[in-house]
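The values are calculated or read from the model by the stated rules, or taken from the named source; none is laboratory data. Computed from a prediction, not measured in an experiment: that's the story for all the values here. Neighbour counts run over all protein chains shown; Cβ positions are idealised from the backbone, glycine included.
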Ligand SMILES: [Zn+2]
């Protein structure tokens, strides 16, 4: 992509960090900032174990998630998102910037 103007319109995080012990903070390039509660983000995991790929129905049930779940590690995935390694051992979900930004607006 050589078109610089086009790139500017793409929403990207300037910083992905922690907020407290459990939560995740993202600072976006539109100068907004979002805080994600760890357990809520774990619930939103988009992987095939948590969401039925055909129907889009959520397989993961909220009570199944540990109350104190937190990100053990946050790993960048290409330029489009992050993979969160959760303290419950789950790490197959990729959270795209688009999804994260969408969650922040709710
Ligand atoms: Zn998952």
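Residues in region 64-85 that are touching a residue at least 12 places away in the same chain (Cβ under 8 Å) and under 11 Å from residue 96 (Cβ atoms): how many?
Matching residues across region 64-85 total 6.
Kindly provide the set of residues from region 16-41 that are loosely packed, with under 13 Cβ neighbours inside 10 Å, modelled with pLDDT under 95 and over 15 Å from residue 73 (Cα atoms), ordered by number.
Correct list: 30, 31, 32.
Go through region 84-106 and report how many residues are within 11 Å of the ligand (Cβ to nearest atom) and surrounded by 17 or more Cβ atoms within 10 Å (Cβ to Cβ).
6
Looking at (1) in a loop (DSSP other than H, G, I, E, B); (2) within 16 Å of the ligand (Cβ to nearest atom), which one does residue 21 not meet, given that it meets all the others?
(2)
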